[in-house]
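The values are calculated or read from the model by the stated rules, or taken from the named source; none is laboratory data. All values reported here derive from a predicted model rather than from experimental measurement. Heads up, the Cβs are rebuilt from the backbone with ideal geometry, glycines too, and the neighbour counts pull from every protein chain shown. Please note that ligands, DNA and RNA were not included when accessible areas were found on the heavy atoms of the full protein model with its side chains. Shrake-Rupley method; radii C 1.70, N 1.55, O 1.52, S 1.80 Å.
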Amino acid sequence: MCKKFNGIGASNGIALAKVYILKEEQIIINKSEVKDIDSEIVLVQESIKKAKSDLQNLKKIAEEKLGEEKAAIFEAHASILEDPVMVEEFVALIKEKNYSASKSISEVSNKYIDMFKAMDDQYFKERAADIKDVTERLLRYVLGLQVLDLATISEEVVIVAEDLTPSQTAQLNPAFVKGFACNVGGRTSHAAIMARSLEIPAVLGLKTILSTVKENDLIAINGSNGEVELNPSDKNVWQELALKYIKEKEELKKMKNQPTLTKDGYDKFILEANIGSPKDVDSVLENGAEGIGLFRSEFLYMDNDHFPTEEEQFKSYKEVVEKMNGKLVVIRTLDIGGDKKLSYFNFPNEMNPFLGYRAIRFTLDRKDIFKDQIRALLRASAFGPLGIMFPMIATVDEFLAAKKFTLDCKEELINEGQKVGAHLEIGMMVEIPAAAVNAENFAKHADFFSIGTNDLIQYSMAADRMSENVAYLYQPYNPSILNLVKMTIDGGHKHKRWVGMCGEMAGEPDALPLLMGLGLDAYSMSATSILKARSIMSKLTLKETQELSSKALKCENTEEVLKLVNDLMKNK
Ligand code: PEP
Ligand code: MG
C-alpha cells in the first residue's frame, strides 16, 4: 500500500528501488544444557565455515574498493577462526559441560577478549575488538540470526534502518545502494555527511519508517526535500524527478572550469571541498574545487582496526596533497568522540559525549596518539601547501598548547633530517560559541579560522545535532548564528587572517549570499555542491550581498532572514 513520509533531506538526489531492511536482531545466548552434543559440535563447525566464506567474500570486495592493505583485516579475521586452540576450547566446553554451541563460543571468546584487553601493548589490546567482531558473526550463524554485510549488497536497493553508523556508511557501494532512509539523524549527522561525499541520496529523521516497511516493498526517496513514498502510486512521477535532477547536474558541469567570480568581478572568494578519505579527491577535482577546506582525518581512524601509525597516515596525507597539485589542503586533526567512536578504543561513559572528552581535548591528553598524526602531517607538508587545523578549540590556551606541540614536533623532525614544507599554516575550527566571541584574540595566534557551523549551531542552540526531535533548532539563518559568524570573520580580518567555513551551511544555496555579504573568504562544502555555489555567486554583486547581510543581522528570526534572501534571489 502506498504511504507518504516527510523527513529531513540529508543528501541530494532521487532514488527508487527495493527496500533493504537493516535490522540487527539481538544475540541471545542459549544457556540451557544440551543433550545432543554431536549436533552442537556440527553446528559450530558449519557456522565457522559460513563465517569464513563471508570473510573471504568481504576481503575480495574490500580489495577492489579499498585496496589490498585495508582488505588484509578480513584475512586476519578469518585466521582467528582457524585458530585450533580456540576451536578446540569451543568443542571441549560442549563435550565436558554440555554447553550449547552459543554458550561455549561466548564463554571462550569473552575469555580471550578480556585477556587481550588487559595487555599493556596497544597492538594486542586492539586485537580484542577483532575477536569480538569475528565471534559475533559466528554467534549469529549458530543462533540462526541474519548476518548483514552492507559491502556485499549486489542488487539495487534503498537501505531502510534505524540509523547508520559512519563505518556502516563507509561500506556502502553506490553502484547498488541507491539511497537510504533512516528513523533518526539530521543534515549534519555524520552518516549524512558521508552520504553526500559518496553521492548517495538520503532522507533521515523519518521516525517510523523502519517499523512500517516490509520485505519486497518498493521505496522512493527525495534527498533534496525529504519526501519519501513507500510503494509509490505513480512510479513515473519519480522517474521524471530523477531525470530532472540528472539534467540539472549536467547543466552545472559548464561551471567546472570557470573561475569563481561575482557578477561584478570580485575574484577573491574560494570554493573548496570537504573530504573524509584520499578516495574522495577524484570527485573533488571532477567538481572543480579550488582546494580542500576540510579533510576529516578521523575517518582514517574509524575505518581501521588500530590507531593508524605515523607512516600509514603520512601515506594518506601525502596522496591527497600530491593529487591537489599545489592547491591548499587543510587537514583537521583527530576529531573523535561524540558520535564518532573507535572499535578499538573505549571512551569513558559520559552523560553528554558531544560536550565531553573529544577532539582536541582528547589529543592534548593523549600526546602519544597526537604525535603520530602531527609528525605525519608535517612530513606531508613537504609535498605541497598544507594547513593543520585543530577541532573544538574553546580557549586560547588550548590553541597555544596544540600549536606549541606542533612546532616542537617540527623542530624534532628537522633535527632528524626530515623535510617540512615551506607553506604550512596552523589554524583552528571555530565551532564553539566561546571561540567565536573571542575570535579577535585567537586571530593573534592562528593563521586561519574555519567556521564549523554544524557544531556551532548545536552548541549555540543547545540542540543535539543527532536528534530528529530537536532538528527544528538547526537554524543556520537565525540572526544569532549570523552574528556569531560575523564576529568570527571580523575578528580574523582584524589580524589579516583568512576566514573560511566548512560546516554544511557553507554549501547551502540560501546561505551563500549572506556569507558573501559578511565577507567570508573560503567556502568548503561537499564536492557535489561546488558547481551550484559557483553558479549562484556569478549571479550576485558584492554590494547587493552586503546590503542583504547587514539587514539580516538585524532581523528577529529565521523566517525574516529567509524572506530577505528569497526576495533577492527570486529574479536571479
Ligand atoms: C562542524 O562542526 O561544522 C564541522 C565541520 O565538523 P564536524 O561536522 O565533523 O563536527
Ligand atoms: Mg564539528
Ordered by number, the trypsin sites (Lys or Arg not before Pro) in the range 450-535 that occupy a DSSP loop and have at most 14 other Cβ atoms within 10 Å are LYS496
Any idea what log10 I(q)/I(0) is at q = 0.10, 0.13, 0.22 Å⁻¹ for the range 360-448, Debye with uniform C-alpha scatterers and no solvent? -0.25, -0.42, -1.08
Angle in degrees between helix 396-415 and the longest Cα principal axis of the chain, rounded to the nearest 10: 70
Roughly to the nearest percent, how much of the accessible area of the range 91-199 is carbon and sulfur, given a 1.4 Å probe? 49
Pairs beyond 22 Å (Cα-Cα), from LYS486/LYS554; LYS256/LYS572; LYS263/LYS323; LYS117/LYS403; LYS268/LYS539: LYS263/LYS323; LYS117/LYS403
Taking Lys and Arg as +1 and Asp and Glu as -1, residues besides GLY507 with C-beta under 12 Å from its C-beta add up to 0
Taking the Cα atoms of the chain, report the difference between the largest and smallest coordinate on each principal axis, in whole Å and largest first. 83, 69, 41
Once ligands and nucleic acids are excluded and a 1.4 Å probe is used, how much of ASP149 is accessible, expressed in Å² to the nearest 10? 20
Looking at the range 91-177, which GluC sites (Glu not before Pro) are DSSP coil and have at most 16 other C-beta atoms within 10 Å of their C-beta? GLU155, GLU156, GLU162
What translational D, rounded to a whole number of µm²/s, comes out for the range 37-143 from Stokes-Einstein when the hydrodynamic radius is the Kirkwood one over Cα pairs, at 4 °C and 1.567 mPa s? 90
Whole Å is fine, so just give me how far the alpha carbon centre of the range 110-164 lies from that of the range 33-59. 16
Rounded to the nearest whole number, the per residue volume of the convex hull around the C-alpha atoms of the range 402-518 in Å³ is 128
Quick one: of LYS410/LYS494; LYS279/LYS340; LYS340/LYS532, which pairs are farther than 22 Å apart, Cα to Cα? LYS410/LYS494; LYS340/LYS532
In the range 93-144, which chymotrypsin sites (Phe, Trp or Tyr not before Pro) are in a loop and have at most 13 other Cβ atoms within 10 Å, using DSSP for the loop call? none
On C-alpha positions alone, give me the angle between the axis of helix 542-552 and the longest principal axis of the chain, in degrees, nearest 10. 70
Excluding GLU24 itself, calculate the net charge of residues whose Cβ lies under 13 Å from the Cβ of GLU24, where each Lys or Arg counts +1 and each Asp or Glu counts -1. -2
